[in-house]
Amino acid sequence: MTIGPDITELLARARADLRMGVPVVVDCPVPVLISAAETLSPSRLKVLLDMPGDSVVAITARRAETLKARVYDGDLARVLLPPDATLDWVLGIADPAGDLMTPMKGPLACARGGDVDAHRAGLQIAKSARLLPAVLVTPVEDATRFARDHGLTMLSLDQVVTHLSDRSPLHPVVHARLPLEVSEAGRLHVFRPEDGGEEHYAIEIGRPDRSQPVLTRLHSACFTGDLMGSLKCDCGPQLRAALAQMGQEGQGVLLYMNQEGRGIGLANKMRAYSLQDQGFDTVEANHRLGFEDDERDFRLGADILQAMGFSSVRLLTNNPRKVEMMQASGITVAARVPLQVGENRHNHAYLATKAAKSGHLL
């Protein structure tokens with residue numbers, strides 16, 4: 001075994017690099033340099049444009065639909081940079097904030113033909129780094145030499161593709177007694193993924209019988225709703241109602257998953273809120289940003305439950321997708337327990353959109 005980083009550790013390094021504006025090298029038959037559009041600096045863009053070969057901005061098909069860009073590659077488009085491309089132009093392709101003010105960004109020319117696996121991997125890494133899913137892709141001649149000469153992280157495309165298709169294993173770190181307002185018999189369990197991502201938590205109320213379906217809430221972190229009392233969503237009321245019901249029954253498990261904003265991160269959630277202020281609903285806002293309706297991975301919740309010894313739940317949710325993913329991940333959903341709380345005049349349209357477009361049972 002080598003002491004150097006494996007692919008899991010290299011990907012963690014790559015995510016950190018992209019967040020800081022540092023490009024990463026992807027080694028494949030046609031090696032490329034991947035730069036996150038959101039964090040790209042003017043000086044680095046100038047260097048990239050001066051390099052031989054044509055750079056493209058890879059965006060998801062969702063974002064391409066908004067820009068009226070031709071999608072030749074199924075789930076992504078490769079937008080060719082014009083000769084006079086500026087950083088503002090690149091950011092305008094990536095970020096929908098100014099779409100209504102400057103709607104005529106095109107016509108945009110898009111590449112077609114050739115392999116796009118490296119472009120797809122770049123978009124996946126940017127998403128996992130909680131950045132806008134838009135990357136500048138620049139060809140390089142010798143991946144190993146280029147990475148060495150510039151001190152850049154290099155990833156093998158074959159390893160990346162295999163690794164990104166799997167979710168990272170979660171490992172228990174510690175658990176300790178945590179008396180709560182709803183129950184003094186509370187216990188907090190911390191789980192840490194191998195890939196360097198955010199930790200997830202399980203709040204156990206009482207001592208639930210592992211042989212019986214346990215009352216369970218799979219709750220995604222919501223800083224604005226859970227902590228700040230935001231009226232734009234129903235997350236805070238759902239969190240408190242779920243804990244209160246577990247306290248009343250004397251047992252339960254609340255899984256608190258760090259998948260803010262349906263898995264796009266707080267910054268992108270605020271971008272979506274800004275688009276909602278322009279008149280788009282929550283699903284349309286996500287699509288304009290380049291994301292799917294919901295980027296969360298509920299299988300992580302099933303992993304935690306199984307690690308804690310549970311195999312069956314009574315799931316507190318209005319979202320049938322959670323039920324389906326629990327069942328598909330080996331957790332029996334003995335019953336779906338509705339959790340309809342928190343509607344107000346500020347989130348009425350948001351809840352209606354979740355019901356109409358995402359199938360929530362409200």
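Here are a few things to note about the model shown:
- Conditions (1) assigned to a strand (DSSP E or B); (2) touching a Phe, Trp or Tyr at 6+ places or on another chain (Cβ under 7 Å); (3) open to solvent by less than 10 Å² (accessible area, probe 1.4 Å); number of the one not met by Cys233: (1)
- On the stretch given as the stretch 1-52, residues that are open to solvent by 50 Å² or more (accessible area, probe 1.4 Å) and assigned to a loop (DSSP other than H, G, I, E, B) total 8.
- Of all residues in the stretch 319-362, those that are of a type in the set (S, T, N, Q), under 20 Å from the mean Cα position of the chain (by Cα) and open to solvent by 40 Å² or more (accessible area, probe 1.4 Å) total 1.
- All of Leu289, Leu316 fail the test of being within 30 Å of Gly92 (Cα to Cα) and buried (at least 23 other Cβ atoms within 10 Å of the Cβ), apart from Leu289.
- Qualifying residue in the stretch 240-263 (condition: touching a residue at least 12 places away in the same chain (Cβ under 8 Å), open to solvent by 10 Å² or more (accessible area, probe 1.4 Å) and among the hydroxyl-bearing types (Ser, Thr, Tyr)): yes
- Evaluation of Ala97 against (1) under 27 Å from the mean Cα position of the chain (by Cα); (2) open to solvent by 40 Å² or more (accessible area, probe 1.4 Å); (3) under 19 Å from Thr39 (Cβ atoms); (4) at pLDDT 95 or above (one fails), failing number: (4)
- Filter result for Thr162 (at pLDDT 95 or above and hydroxyl-bearing (Ser, Thr, Tyr)): no
- Any chance Arg262 is basic (Lys, Arg), out of contact with any strand residue (DSSP E or B) (no Cβ under 8 Å at 6 or more places or on another chain) and closer than 24 Å to Ser165 by Cα: no
- Flag if Ala126 is small (Gly, Ala, Ser) and modelled with pLDDT of 95 or more: yes
- Any hit, the stretch 182-192, residues being among the basic types (Lys, Arg) and either touching a residue at least 24 places away in the same chain (Cβ under 8 Å) or assigned to a helix (DSSP H, G or I) (or both): no
- Of all residues in the stretch 176-199 being of a type outside the set (Asp, Glu) and within 24 Å of Arg296 (Cβ to Cβ), the one that is farthest from the chain's Cα centre (by Cα): Leu188
The values are calculated or read from the model by the stated rules, or taken from the named source; none is laboratory data. Just so you know, these numbers come straight off a predicted model, no measurement behind them. Cβ: placed from backbone, ideal geometry, glycine included. Neighbour counts: every protein chain shown. Quick note on the areas: whole protein, heavy atoms, side chains included, nothing else; ligands and nucleic acids left out. Shrake-Rupley method; radii C 1.70, N 1.55, O 1.52, S 1.80 Å.
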